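Where a number appears in this text, it was derived from the coordinates with a stated rule and is not lab data. Note that the structure is predicted; figures quoted are calculated from it, not measured. All Cβ positions, glycine included, derive from the backbone under ideal geometry; neighbour counts span all protein chains shown.
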Amino acid sequence: MEYNIEGIPLCPLNREPFKADGPCKGKNRSLRFKFTCPKSRRDKQGKCYHTCENPCTDKKSGRMTYVYLNKDFRLYPSVQRNSSEWDETYTIRASIERCLSSFKFNPCIEQPKTVNTTTMRTDLYLTAISKLINVILAYAMNNIEYIRSINKLLKIAA
C-alpha cells in the first residue's frame, strides 16, 4: 500500500487517494483511521458498494484499509488532516504560535545585551506582564480583536 504526502493511502490501480471514513475506536484497541476505496459508495442503510469497472479486490464493499496513529506521530497526528477539526485546531495553534513569538520581538529578549540570567528573566516577566495588561484592556473595552496590538489600543485611547 502506498501513501501520499499527507499520509492518505492511494489506490493501487490509478493512484487516487482513498476516502476517509472516520476514526475507529474499539475496546482495548488503539485509535485508527479507516479509509475506503475512492469509487465505493454507501446506500441509505449504510452498506458500502464498489462501483469500479476493474476492481482491485473481490469484496463487494471495495478495498478498505486502516492507518494506525501510533506508527508515525508526525505523519498521523491525533486529528485527521483536511478535516474541519484540523482546520479549527490549526487556527488556534497558529494564533498561539503568533502570541508566543510576540514575546520574542521584545528587543531585550530577542537580542539581549546582558548575559545576566536575572536581568533576562526580569525582562521576560515584564514583557509577559505588559502582554497581560494588553489583553485585560482589550477585554475591558470589548474589543477582542485588539488583544495582540498595544498600538491599536493606544490609538483608541488618544
Report, by chain and number, residues whose modeled amide H sits under 5 Å from the one on Cys24, excluding near sequence neighbours (fewer than 5 apart, same chain). Arg32, Phe33, Lys34
For labels at Gln45 and Asp21 in the simple 7 Å Cα→Cβ model, what's the distance in nm? 1.6 nm
Rounded, prolate or oblate for the stretch 1-67? Axes are the square roots of the Cα gyration tensor eigenvalues, ordered a ≥ b ≥ c, and the cut-off for rounded is a/c under 1.5. oblate
Once amide hydrogens are built 1.01 Å from N within the peptide plane, the residues lying 5 or more places from Arg63 or on another chain with amide H under 5 Å from its amide H are Cys37
In the neighborhood of Arg41, defined by Cβ-to-Cβ distances under 13 Å, what is the net charge if each Lys or Arg adds +1 and each Asp or Glu adds -1? +4
Once Asn14 and Arg93 are pulled to full extension, the length gained, defined as 0.36 nm per residue separation minus their Cα-Cα distance, is 24.9 nm
So what J values fall out for the stretch 113-130 if you push phi through Karplus, 6.51 cos²θ - 1.76 cosθ + 1.60 with θ = phi - 60°, rounded to Hz, Gly and Pro as x? 9, 10, 10, 6, 5, 5, 5, 5, 5, 4, 4, 5, 5, 5, 5, 5, 5, 5
Among the trypsin sites (Lys or Arg not before Pro) in the stretch 1-53, which ones are in a DSSP loop with at most 10 other Cβ atoms within 10 Å of the Cβ? Mind listing them? Arg15, Lys25, Lys27, Arg29, Lys44, Lys47
Can you work out the Karplus-derived ³J(HN,Hα) for every residue in the stretch 49-54? Use 6.51 cos²θ - 1.76 cosθ + 1.60 with θ = phi - 60°, whole Hz, and x for glycine or proline. 10, 8, 10, 7, 5, 10
